[in-house]
2 protein chains.
Amino acid sequence: MNEIQIFCPATIANVSCGFDVLGLCLESVGDEMTITKTDRMGVRITDIIGANLPLEAEKNVAGVAALSLLHHLLPNCGFDIKITKNIKAGSGIGSSAASAAGAVYGINKLLGSPLTDKELIYFAMQGEALASGSPHADNVSPALLGGFTLVRSYDPLDVIAITAPPELYVTVIHPQIELKTKDARSVLKENISLKKATIQCGNLGGLISGLYTQNYDLIGRCLHDELVEPVRSILIPKFAELKEAAKQAGALGGGISGSGPSVFALSRGETTARKAAEAFAAIMQQTSVPFEAHVSAINPTGIKIM
Amino acid sequence: MNEIQIFCPATIANVSCGFDVLGLCLESVGDEMTITKTDRMGVRITDIIGANLPLEAEKNVAGVAALSLLHHLLPNCGFDIKITKNIKAGSGIGSSAASAAGAVYGINKLLGSPLTDKELIYFAMQGEALASGSPHADNVSPALLGGFTLVRSYDPLDVIAITAPPELYVTVIHPQIELKTKDARSVLKENISLKKATIQCGNLGGLISGLYTQNYDLIGRCLHDELVEPVRSILIPKFAELKEAAKQAGALGGGISGSGPSVFALSRGETTARKAAEAFAAIMQQTSVPFEAHVSAINPTGIKIM
């Protein structure tokens, strides 16, 4: 096999109470990549369709992730990468992670899978470092492993894959404003009260429990972010109204996707998830902000060969 | 049924990364209570064997918990309570919780179980309020429900029961120094960094995951308390040595039991748990502090009728 075509899914990091540790993988939103093994050493980004991003490998998240993997594996060949971007950059649903994870996944497959998907996380993170300034794993992990992922630790890197309950659906609304990850980081408070941290732990623990027991009500009760949402949500137009409208439509709950500006809701069943999308849209139509809505199952496996 | 004899187990609150939210129930350490339905309204503590505690119901944790339940149920009878204390007061393994939970459990049973065990948590908490100044649920919940419990929220009260992996054993060492819950609280920092809170969330989420998937290695990796142990452990003689010795003996990890002074370790299998007890004892023997060690399976059901 000298060429591989893959679907690189969008992902939601943080997932409300799971700030900086939890992520989930979408099924029906994602980029496409074609990766070709060549005799020419190194990595070449040959084409990017649908986005204005640098083709120079060292300045491209897919290129940087690919190069870090090649630096480790030292194969006697190179790779051409063609990317069709469907995930908008800066949307908060893991656009850079899809490219970074896709690049390392595809190259690893073309080399006969010397590394496991879990081992690829580290290399995909190097692409994320280029995009956001820090090599975080909360989007590349669900992109590579599917379902929900918990980044337990960075030192050493320890990521746990958690199967999503089968009826859990995601609704995402992307208000098309510019909100840089770095700016969304800068509003965070460096210190928080021990009391709030304890509440966050209670909700995160409950959410993990709800995922394993497929207890949708419990999942809904736990979708409460005590630490980050209160300060970060002020950067997102109509955030409180969006969240409330989704709940009124029957969603279990929701929050900010990644560092925003996208907002997500989780629902039991596709029908409710579609109603939440309509509710999201109705709120956004009260503004002049253009938007895009997605409804998706949770992707159980992550990146797929097309 | 006019009389009931029950075993009221010791419990471990906090469980390392689970500060103020997690608890677990011991199998082989606990008090005994005999509760008798009488024609005389109200609650009478008729005898306490093994401890010097107040017999006046309003000043006794079992009495206060019982009275709060009677205030709710308004039965046309009263109850006599006899307690045999085996759990030392102030040991940090839920001595007051065993009494408070036992009282409400026994009375509820004698009244034909109008409330579920989960509903009893609220009333048992009122006894805890007398003991420690705050109506916390992290010991009474595992005492009533067994296994591990997660106190997700106090407002509203939301407690999740989690089955313990079958091979998980607990070792407890009780250095017999006086360490009041209030003092152990006073050393805590009111504010912590968001970064530390995130690490704690990662470990708590991982621990919950490990419990559901019976992944003992993961459980061990997650037994790391970023928030409380660093400051509270200075109040416990030889804490670092105890923890390290248990790990060297093969334990998965450990931490402070409740607010101390007891220290616990979790192990896979009883043999390792017994080795951890020997390792604990060897460290304590280097000091002049008297101590008591326990090895126990995790109690799957909580309080038991004898």
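Under Stokes-Einstein, with the Kirkwood radius over Cα pairs standing in for Rh, what whole-number D in µm²/s applies to the stretch B:225-306 at 25 °C and 0.890 mPa s?
Values: Rh = 13.4 Å.
The estimated diffusion coefficient comes to 183 µm²/s.
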message = Taking amide H atoms as placed 1.01 Å from N in the peptide plane, list the residues 5 or more away in sequence, or in a different chain, whose amide H sits under 5 Å from that of B:Ser28.
response = B:Ala297
ask   = Average projected area of the Cα convex hull of the stretch B:217-258, in nm²?
value = 3.0
remark   = For the stretch A:4-104, percent of DSSP beta bridges that are antiparallel (nearest 5) comes out at 70
message = Please report the spacing between the Cα centers of the stretch A:206-234 and the stretch A:13-37 in Å, no decimals.
response = 18
query = Considering only the label points, 7 Å along Cα→Cβ from Cα, what distances in nm to one decimal separate B:Glu178 from the same position in each other copy, shortest first?
reply = 6.6
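At 0.36 nm per residue, and after removing the present C-alpha to C-alpha distance, how many nm does the segment from A:Ser134 to A:Arg274 gain when stretched out fully? Don't skip to the answer; put the middle values down first.
Working: separation 140, 0.36 × 140 = 50.40 nm, distance 3.43 nm.
That pair, A:Ser134 and A:Arg274, stretches by 47.0 nm at full extension.
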note = Distance in nm between A:Glu244 and B:Thr38 label points, each 7 Å along Cα→Cβ, equals 5.5
request  = Please work out the Cα convex hull volume for the stretch A:168-297 and give it in Å³ per residue.
outcome  = 97
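Quote the relative contact order of chain B in percent (integer), defining contacts as alpha-carbon pairs under 8 Å separated by 6+ residues. Numbers along the way, then the final one.
Numbers: 762 pairs, mean separation 74.0, N = 306.
Once normalised by length, the contact order is 24 percent.
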note = To the nearest 20 debye, the protein assembly as shown has a Cα-centred charge dipole, built from +1 on Lys and Arg Cβ and -1 on Asp and Glu Cβ, of 260
remark   = Once amide hydrogens are built 1.01 Å from N within the peptide plane, the residues lying 5 or more places from B:Gly90 or on another chain with amide H under 5 Å from its amide H are B:Ser95, B:Ser96
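One quarter of the convex hull surface, Cα atoms only: what value does that give for the stretch A:3-162 in nm²? Could the numbers behind the result be given before it?
Numbers: hull surface 33.4 nm².
Average projection, Cα convex hull of the stretch A:3-162: 8.3 nm².
The protein assembly as shown: D in µm²/s via Stokes-Einstein (Kirkwood Rh, Cα pairs, 37 °C, 0.692 mPa s)?
128
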query = What are the radius of gyration and Dmax of chain A, computed over its Cα atoms and given in Å?
reply = 18.6, 58
query = Expressed as a rounded percentage, what relative contact order does the stretch B:3-163 have, with Cα pairs under 8 Å and six or more residues apart?
reply = 28
Members of A:Lys59/A:Lys109; A:Lys196/A:Lys238; A:Lys88/A:Lys182 lying beyond 19 Å, as alpha-carbon distances in this model show = A:Lys59/A:Lys109; A:Lys196/A:Lys238
query = To the nearest 20 debye, what is the magnitude of the charge dipole of chain B about its Cα centre, counting +1 on the Cβ of each Lys and Arg and -1 on the Cβ of each Asp and Glu?
reply = 280
query = What is the spin-label model distance, in nm, from B:Asn76 to A:Asn76 if the labels are put 7 Å beyond Cα along the C-beta direction?
reply = 9.4
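Given the rule -39500 (n - 2.57) for each run of at least 4 DSSP H residues, summed and divided by the residues of chain A, what is its mean residue ellipticity at 222 nm, to the nearest 500 deg cm²/dmol? The partial results should precede the final answer.
Values: 10 runs with 113 residues, N = 306.
It lands at -11500 deg cm²/dmol.
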request  = List the aspartates and glutamates whose Cα lies under 14 Å from the Cα of B:Lys275, skipping any in the same chain that are fewer than 8 positions away.
outcome  = B:Glu244
ask   = Over all distinct alpha-carbon pairs, what is the Kirkwood Rh of the stretch A:67-129 in angstrom?
value = 12.3
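For the stretch A:264-306, what is the Kirkwood estimate of the hydrodynamic radius, computed as the reciprocal of the mean inverse distance between distinct Cα atoms, to one decimal in Å? Mind dumping the intermediate values first?
Values: mean 1/r = 0.0828 Å⁻¹.
One decimal place: 12.1 Å for the Kirkwood radius.
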note = For A:Thr38, inter-copy label-point distances (7 Å, Cα→Cβ), nm, shortest first, read 9.2
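Could you list B:Val140, A:Val29 in order of exposure, starting from the residue whose Cβ has the fewest other Cβ atoms within 10 Å?
A:Val29, B:Val140
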ask   = Which angle from 0 to 90°, rounded to the nearest 10, does the C-alpha axis of helix B:270-284 make with the longest principal axis of chain B?
value = 80
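Throughout, read-outs are computed from the coordinates displayed, never taken from laboratory work. Being a predicted model, the structure only gives us computed values, none of them experimental. No Cβ is skipped: glycine too gets one built from the backbone with ideal geometry, and neighbour counts run over all protein chains shown.
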